[in-house]
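Worksheet: one structure, shown below.
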Amino acid sequence: MASDKQQEFDYIVVGSGIGGCVVANRLSANPDTKVLLLEAGPRDDDADIHNVELTSLFAVWQKPQFDWGLSTVEEPGLDGRRMPIIQGKVAGGGSSVHGRIFIRGHRRDFDHWNYMGNANWSFNDLLPYFKKSEDYLGPASEFRGTGGPLPVMDLPADRQSAASQAFVAGVSDLGFQSNWDFNGPKQEGGAGFIQSSTTRDFKRASAFTAYIDPVQKQRPNLTVQYDSAATCLMLDGKRARGVEYRQNGSVRRARATRELIVSMGPLNTPKLLLLSGIGPADQLRNFGIPVVVDLRGVGENLQDHLNVRMCWASKIEQKIPMIICESSLFTFTRNGVPNASPDLQLFFGGFAFPGLGTEFNRGFALVPVVCRPQSVGRVWLRSTNPIEPLNIQTNYLTCEYDMSVLLAGIKLGREIVQSSAFKDMLGRELLPGPEIGTDEKELRKYIKDTCITDWHPSGTCKMGLDSIAVVDPQLRVYGIEGLRIVDASIMPSVVSGNLQATVYAIGEKGADLILQSRS
């Protein structure tokens with residue numbers, strides 16, 4: 001075991017997902033600042049991680065070495081079904097295994113965070129951080145950034161499937177706009193092609209490839225350690241002093257003279273806090289863990305996006321997509337909420353799901369998503385063994401409203417594919433299928449039996465001022481000095497849309513907050 005002196009840094013960042021990579025990059029920009037970045041998984045040297053073809057993405061999902069292997073407990077809203085939730089365990093975290101979809105949350109999501117008392121977290125406050133993170137390869141816009149670490153591109157015209165083009169055009173028959181930019185002035189109201197975190201030479205742009213790879217060799221003050229799973233925080237009273245972790249079968253310790261930043265994600269960050277005595281006192285005592293801070297919100301407020309699959313056979317061959325969602329649409333399923341964020345998102349891709357009796361490139365998929373879920377869950381300890389995952393209960397579909405959104409999404413999806421743009425390619429409906437049709441009872445059963453998660457867990461260490469808040473608006477953990485959280489677990493409520501763009505902004509703002517506290 002290395003001595004504490006050998007393992008002493010100014011900052012320790014636990015987790016090399018989006019938040020961790022951004023913070024490690026920004027803090028280590030000062031050559032006099034020593035930074036340690038710990039990653040529980042291996043290096044990202046598998047070719048399928050970097051290839052943009054959809055077949056490579058599916059291949060990555062079949063490689064357990066890059067996944068935490070998490071699953072929910074029996075879900076009451078799904079008649080006891082357990083839901084697997086893929087979370088990246090590899091350099092880059094989720095950004096190395098997700099679908100590369102780049103959509104910011106709705107501006108009202110962040111304004112709502114601000115309304116809840118989180119000072120300087122409105123959309124206007126976050127826009128500079130969205131812009132700072134990205135190198136947008138499309139047209140210039142006041143809403144977009146250039147020159148940042150993360151390349152973001154529009155879906156090239158020669159990579160668009162005929163079906164995705166039909167989707168974007170076909171929504172106009174129903175009164176929506178076409179060729180919409182979700183990252184522009186307005187998110188809802190139109191269909192557009194997806195922007196993605198993709199390099200100019202068509203490789204995956206992960207947080208690791210964008211923020212760590214380009215600087216690692218030039219910064220001897222930045223240390224990255226792989227296969228290093230944090231097991232508990234080292235606390236001196238109520239001050240974070242470092243972290244204990246397992247690496248290659250050995251227990252190691254590293255000390256932080258300034259701050260410790262936890263960026264392990266919403267399903268692992270609360271586990272590290274709980275194992276370290278930070279969380280609900282009753283839960284900690286049940287496991288014999290000494291209570292350092294009774295913080296009852298640790299593990300509460302779990303939110304996730306749920307979707308249901310629809311699929312049709314295509315009369316014409318489709319191009320194999322370079323991204324799982326080629327085009328999308330945001331809208332509302334109810335009237336009278338003009339000041340709310342959209343509650344329904346439709347994903348669309350020019351491919352057929354496997355196992356449906358048609359070739360991969362002879363179909364197209366449309367996937368309704370509940371993007372403002374009302375069902376809220378939690379995570380809690382299963383044991384004191386740091387290798388054991390937390391118990392995860394999302395409570396999917398325990399709120400009727402979420403079911404109503406998916407029912408409305410199925411109805412809208414069927415209307416879109418009946419538009420004139422699809423007339424030359426629309427084949428038989430494969431999912432839910434004509435045997436289910438429009439019978440609501442059957443559709444509800446289909447949704448319960450087949451719905452899956454977008455793998456967007458969030459909120460388990462929420463930012464706020466209320467009784468279950470875990471971090472303050474500076475992302476400092478309540479009751480502990482020198483400890484911050486910078487990942488999707490700090491979201492007070494999940495944003496409308498895919499999470500990666502928002503977590504980059506959280507990372508950039510979090511890094512600024514840390515640097516400002518030293519000035």
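The values are calculated or read from the model by the stated rules, or taken from the named source; none is laboratory data. If you're wondering where the values come from, they're calculated on a predicted model, not measured in any experiment. No Cβ is skipped: glycine too gets one built from the backbone with ideal geometry, and neighbour counts run over all protein chains shown.
In the set (1) farther than 29 Å from R378 by Cα; (2) at pLDDT 95 or above; (3) not assigned by TED's automatic domain parsing to the domain that holds V503, the condition left unmet by L346 is number (1).
Every condition in (1) more than 18 Å from G17 (Cβ to Cβ); (2) among the hydrophobic types (A, V, I, L, M, F, W, C); (3) over 25 Å from the mean Cα position of the chain (by Cα) holds for L222 except the one numbered (1).
Scanning the range 487-514 for residues that are farther than 17 Å from V262 by Cβ, in a helix (DSSP H, G or I) and of a type in the set (S, T, N, Q) turns up Q500, T502. F208 meets all of the listed conditions (1) within 28 Å of the chain's Cα centre (by Cα); (2) surrounded by fewer than 24 Cβ atoms within 10 Å (Cβ to Cβ); (3) not basic (K, R); (4) not in a loop (DSSP other than H, G, I, E, B) but one, namely (2). Can you confirm whether the range 177-195 contains a residue that is touching a Cys at 6+ places or on another chain (Cβ under 8 Å) and touching a residue at least 60 places away in the same chain (Cβ under 8 Å)? Yes, that holds for at least one residue. When the strands (runs of 3 or more DSSP E) confined to the range 330-394 are screened for residues that are among the polar types (S, T, N, Q) and touching a residue at least 40 places away in the same chain (Cβ under 8 Å), those reaching at least 2 such residues are found at 391-393. List pairs: first residue in the range 426-454 and over 17 Å from F351 (Cβ atoms) and at pLDDT below 95, second residue surrounded by 14 or more Cβ atoms within 10 Å (Cβ to Cβ) and not β-branched (V, I, T) anywhere in the structure, Cβ distance under 7 angstrom, at least six positions apart or on different chains. Filtered contacts from the range 426-454: I436/E442; I436/L443; I436/Y446.
The one condition from (1) over 30 Å from Q247 (Cβ atoms); (2) at pLDDT 95 or above that W380 does not meet is (1). Identify, please: which residue in the range 211-262 is in a helix (DSSP H, G or I) and of a type outside the set (F, W, Y) and is, among those, farthest from F102 (Cα to Cα)? Looking at the filtered set, the residue picked out is Q216. Output the qualifying pairs, or none if there are none: Cβ atoms under 8 angstrom, residues six or more apart or on different chains, first residue in the range 285-311 and in a strand (DSSP E or B), second residue basic (K, R). Qualifying pairs under 8 Å: V293/K238; L302/R378; M310/R414. Scanning the range 457-472 for residues that are at negative phi, assigned to a loop (DSSP other than H, G, I, E, B) and surrounded by 20 or more Cβ atoms within 10 Å (Cβ to Cβ) gives P457, T460, C461, K462, A469, V470.
Restricting attention to the range 15-31, the residues being over 17 Å from E259 (Cβ atoms) and surrounded by fewer than 24 Cβ atoms within 10 Å (Cβ to Cβ) number 1.
Restricting attention to the range 59-81 and to residues that are closer than 22 Å to A352 by Cα and free of Cβ contacts under 8 Å to residues at least 12 places away in the same chain, the residue that is surrounded by the most Cβ atoms within 10 Å (Cβ to Cβ) turns out to be A59. Among residues of the range 233-247 that are of a type in the set (S, T, Y), those with a Cβ under 7 angstrom from a residue that is assigned to a strand (DSSP E or B), sequence gap 6+ or separate chain, pair up as Y245/L38; Y245/S228; Y245/A229; Y245/A230; Y245/T231; Y245/R252. Within the range 319-357, count every residue that is polar (S, T, N, Q), surrounded by 17 or more Cβ atoms within 10 Å (Cβ to Cβ) and out of contact with any Ser or Thr (no Cβ under 8 Å at 6 or more places or on another chain). Within the range 319-357, residues that are polar (S, T, N, Q), surrounded by 17 or more Cβ atoms within 10 Å (Cβ to Cβ) and out of contact with any Ser or Thr (no Cβ under 8 Å at 6 or more places or on another chain) number 2. Figure legend. Inter-residue proximity from the range 119-148: first residues assigned by TED's automatic domain parsing to the domain that holds A511, second residues assigned to a helix (DSSP H, G or I) and among the β-branched types (V, I, T), beta-carbon distance below 9 Å, spacing 6+ or different chains. Indicated pairs: L126/T502; L126/I506; Y129/I506; F130/T502; S133/V22.
Just one of the listed residues (F110, F123) is crowded, with 21+ Cβ neighbours inside 10 Å, within 22 Å of W180 (Cβ to Cβ) and touching a Phe, Trp or Tyr at 6+ places or on another chain (Cβ under 9 Å), and it is F110. I want to confirm something. Restricting to the range 183-205 and keeping residues that are in a loop (DSSP other than H, G, I, E, B) and hydrophobic (A, V, I, L, M, F, W, C), which single residue is surrounded by the fewest Cβ atoms within 10 Å (Cβ to Cβ)? Residue satisfying both the conditions and the ranking: F202.
A search for C-beta distances below 8 Å between a residue of the range 82-107 that is over 30 Å from G190 (Cα atoms) and free of Cβ contacts under 8 Å to residues at least 24 places away in the same chain and any residue that is aliphatic (A, V, I, L, M) and outside any strand (DSSP E or B), counting only pairs 6+ apart in sequence or on different chains, returns R82/V73.
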